[in-house]
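Step one of this worksheet: look at the structure below.
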Amino acid sequence: MIEERHLGKQKRVKLKRFMKGLFFCLLFLAGWKAAVLLLYPSNEIVRTWHGFYALEKGEAQVLVVGSSHAYATFDPSVIARTTGMSSYILASNSQNTVQAYFNVKEALHYQHPEAIILEAFSLDDNNNWRYGDTPDRNWKKEANIDGMRFGMTKLEAVMEQYESYNWSYALLPIARCHSNWEDIVTIGSNLEFYTEGIKEFSSFHPSKTSMSEDTVQQYAQSEYNPTEWVISEPNIRHFHKLAQLCRSEGVPFYVVMAPMYDVYIRSINYASCTDKIADLAESEGVYYLDCNRYYDEIGLTAQDFEDAFNGYHHLNESGAEKVTQFVMEMLYGEGKR
């Protein structure tokens, strides 16, 4: 009996120690998470992810991925007005197709869209910033990774996009922003966003102004550059993976090239690259829409280009409304493909 009581007491002591250890671990993780949320400079990319995770099931009927061309072009209010479908733009600055693939893979854990649109400029080669002064390290890629919830997709995305010696750097954002304790503006902005701003956040970020006359003249004087745009092998590989993922999930997949300023297009190797994109899309049975071939139909005439564009890449609100209307009509209206 004495021995049994002694063993029972030992078990209670061990359980008590285990519960204390578990409580400490949970408290530590909660504090860690709170520190990251407060200290991390939550730019538009990170906030785009938080906005996505706050969606109700079925709120992303149309999911758009890609670079800034995507979030400056597709107006959710026009998509809703034209098709009756809600939408979300899971795009980020300079997002390439490698990143777009993992964004879609992560998104499919939470939403089952009725369509996925890849903005085609994401096929442009940026090599995930592997060959600069600080290989692998770039705030645009980091922010897109940091915004994802921790899980297998995030781990796979890190292993695919970073060299192994940078994996811990990619997975521990607190190591990059611990000095923000002194930045009251960042902490205050984060508190405001996480307490009352997530549901009001918009993933649509068009330019607010029109192109200046000086900018127009700058592009008019630019010389032809045959190497301006290159479609990389990693992007091609992940384009095929993205198309196959959409097919396996039964989600219609479209590739859309947002319009760019016509003078800029004439200064680069546009035709050869878009021909490659068309071939890629055809190889996967994916419909490809190049808006730069439909200026007149969209309403982007030579006289109003300066009213629709902010620069050679990006549309303003007026241009985005026209383009979104046209694209939705091509995909779902009389011009349906």
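So the values come out like this:
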item	result
Candidates Q99, Q95 - the one that is over 21 Å from L315 (Cβ atoms), in contact with a Lys or Arg (Cβ under 9 Å, 6 or more places away or on another chain) and crowded, with 19+ Cβ neighbours inside 10 Å	Q99
Test: residue in segment 13-25 that is surrounded by 10 or more Cβ atoms within 10 Å (Cβ to Cβ), assigned to a helix (DSSP H, G or I) and either touching an Asp or Glu at 6+ places or on another chain (Cβ under 6 Å) or modelled with pLDDT of 90 or more (or both)	no
Residue selected from segment 206-231 under the condition crowded, with 17+ Cβ neighbours inside 10 Å and closer than 21 Å to I45 by Cβ, by the criterion modelled with the lowest pLDDT	S207
Candidate set from segment 50-59 (those that are touching a strand residue (DSSP E or B) at 6+ places or on another chain (Cβ under 9 Å) and over 21 Å from N96 (Cα atoms)); member that is surrounded by the fewest Cβ atoms within 10 Å (Cβ to Cβ)	E59
Single condition L118 does not satisfy, out of (1) touching a residue at least 12 places away in the same chain (Cβ under 8 Å); (2) farther than 22 Å from V64 by Cα; (3) aliphatic (A, V, I, L, M)	(2)
Selection within segment 158-197 - at pLDDT 70 or above and assigned to a loop (DSSP other than H, G, I, E, B)	Y162, E163, L172, P173, G197
Residue match in segment 106-113 (condition: under 13 Å from the mean Cα position of the chain (by Cα) and not in a loop (DSSP other than H, G, I, E, B))	yes
Count of segment 118-154 residues which are under 18 Å from V255 (Cβ atoms) and within 12 Å of the chain's Cα centre (by Cα)	3
Qualifying residue in segment 125-141 (condition: β-branched (V, I, T) and touching a helix residue (DSSP H, G or I) at 6+ places or on another chain (Cβ under 6 Å))	no
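Each row is one residue, and each column tells you yes or no for (1) crowded, with 19+ Cβ neighbours inside 10 Å; (2) in contact with a Phe, Trp or Tyr (Cβ under 9 Å, 6 or more places away or on another chain); (3) not aromatic (F, W, Y).
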{"position": "Y270", "(1), (2), (3)": "no, yes, no"}
{"position": "C273", "(1), (2), (3)": "yes, yes, yes"}
{"position": "A278", "(1), (2), (3)": "no, yes, yes"}
{"position": "N316", "(1), (2), (3)": "yes, yes, yes"}
{"position": "G319", "(1), (2), (3)": "yes, yes, yes"}
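The values are calculated or read from the model by the stated rules, or taken from the named source; none is laboratory data. Everything quoted here is computed from the prediction, not taken from an experiment. All Cβ positions, glycine included, derive from the backbone under ideal geometry; neighbour counts span all protein chains shown.
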